[in-house]
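Read the structure below first, then the notes.
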Amino acid sequence: MKLFETIRIRDITLRNRIAVSPMCQYSAEEGVPNDWHFVHLGSRAIGGAGLVIAEASAIEPAGRISPGDTGIYNDSQTDAWARINHFIKAQGSVAGIQLAHAGRKASTGAPWTGLGSISPDQGGWSPIFAPSAIPFSDGWQIPEVLTRQGIQAVVKGFMDSASRSLDAGFEVVEIHAAHGYLLNEFFSPLTNTRTDEYGGSFENRTRIAREVVSAIREVWPERLPLFIRISATDYLEGGWDLEQSVQLASDLKSLGVDLIDTSSGGNMPKASIPVGPGYQVDFASEIRSRANVATGAVGLITEPAQAEEIVSSEKADLVLLARELLRDPYWPRRAAAELGVEITAPDQYARAW
Ligand SMILES: Cc1cc2nc3c(=O)[nH]c(=O)nc-3n(C[C@H](O)[C@H](O)[C@H](O)COP(=O)(O)O)c2cc1C
């Protein structure tokens, strides 16, 4: 079964094709991951995933989605990640991190608060930044337009966070350029109305991504994989779409990106998204074949046979699971049993499997 075959990307070998999709836990203080993150990520490494990607972690305080986001911009955060990564590695998993800047979707309450955008007196912050001064939705903060200097600071922030990721023992870095966060906002003509070299043409709207990838590759070793998560489409006329995603994937591959983690939506609140089992798999498949680059498929992948079909029919090289792995951190073990594959268990659990 292909799902349980190893896969080598640069010098890193994953024990199977199952990855924990990055999931914000909104549970950090001052950006520092804690025991919650240790147990949450550690359990999924014990559960058998080949790759455990830590949540969207901010490259600077203004780039957090919520006050509870993790970060990777200071020493306390880097040290706290190192402890978690040491454990993940000891379980035979590879530790990855998603580096993020929330752009105009920064300063929100955790989802369970139901607050949406929050002001400084509600524990949020201001200003927030974006390519253009267009708020995400009614009642949300109006972002400040990033100056060229501001853009260069963001690029440097991604580079410094990648360097810290290396110090913390991560072996995969994923750039978050999906779901309407900062980089995605630059890509889409609906959220980027700039008239300088970062807006207008496809080449200008995607310039920041090329700069971020090149800057990260300066400090992120050749031997280690670099992923990027994109939203393949805004699902809106005149917005970002699959054609542009294919072109971007191809451009970024030539700069050192190894895998396109293919999600969709999140940039425009009014988009209507045809959600259903594996609804984003076709995007991953198209990008894979047309840009000739490895992809990850994500979104309502819950069944072992479904996951196996995606990788064995070469629609994607990895499957990333989010909510199903929250429901069951042992999903990889369950999938192996269902597909008739024997995988090793930790010694401590050997009598159960
Ligand atoms: C609690 C939660 C937190 C999430 N946080 C992130 C995140 O930090 N970065 C990201 O790219 N996607 C995030 N997502 C989206 C998931 O990674 C995934 O793309 C999405 O849930 C679809 O996959 P699923 O159907 O397997 O849940 C989050 C999803 C959930 C449920």
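Brief remarks follow.
- Cα shape, segment 192-244, gyration tensor, a/c 1.5 rule: oblate
- Dipole axis of the chain (+1 Lys, Arg; -1 Asp, Glu on Cβ), positive-most option in ASN184, TYR73, TRP353: TRP353
- Mean-position separation - Cα centroids, segment 261-334 and segment 1-17, in angstrom: 17
- Given their separation in residues at 0.36 nm each and the Cα-Cα distance between them, THR13 and SER250 gain 83.0 nm when the chain is fully extended.
- Helix axis angle, 281-291 relative to the chain longest principal axis, alpha carbon, degrees: 80
- Each Cα pair under 8 Å and six or more residues apart adds its separation to the average, and for segment 2-349 the resulting relative contact order is 16 percent.
- With the simple model of a label 7 Å out from the Cα in the direction of the Cβ, LYS89 to ARG194 spans 3.6 nm.
- Among 291-297, 57-63, sorting by the average number of other beta carbon atoms lying within 10 angstrom of each residue, highest first, gives 57-63, 291-297.
- Listed pairs LYS156/LYS315; LYS156/LYS253; LYS105/LYS315; LYS253/LYS315; LYS2/LYS89; LYS89/LYS253 exceeding 24 Å between Cα atoms: LYS156/LYS315; LYS105/LYS315; LYS89/LYS253
- Length gained on full extension, GLU237 to SER43, computed as 0.36 nm times the residue gap minus the Cα-Cα distance: 65.7 nm.
- Cβ charges +1 (Lys, Arg) and -1 (Asp, Glu), total dipole of segment 2-349, debye: 200
- Sulfur and carbon atoms: percent of accessible area, the chain [1.4 Å]: 50
- Within segment 139-209, GluC sites (Glu not before Pro) in DSSP loop having at most 15 other beta-carbon neighbours inside 10 Å: GLU197
- About its Cα centre, the dipole of segment 128-232 is roughly 120 debye, where the only charges are +1 on Lys and Arg Cβ and -1 on Asp and Glu Cβ.
- Farthest toward positive dipole pole in the chain [+1 Lys/Arg, -1 Asp/Glu at C-beta], among PHE227, MET1, ALA54: MET1
- Gain on full stretching of the segment that runs from LYS156 to GLN122 - 0.36 nm per residue minus C-alpha separation: 9.3 nm
The values are calculated or read from the model by the stated rules, or taken from the named source; none is laboratory data. None of these values were measured; they are calculated from a predicted model. We place every Cβ from the backbone using ideal geometry, glycine too, and count neighbours over all the protein chains shown. The accessibility values were calculated without ligands, DNA or RNA, using every heavy atom of the protein model including side chains. Shrake-Rupley method; radii C 1.70, N 1.55, O 1.52, S 1.80 Å.
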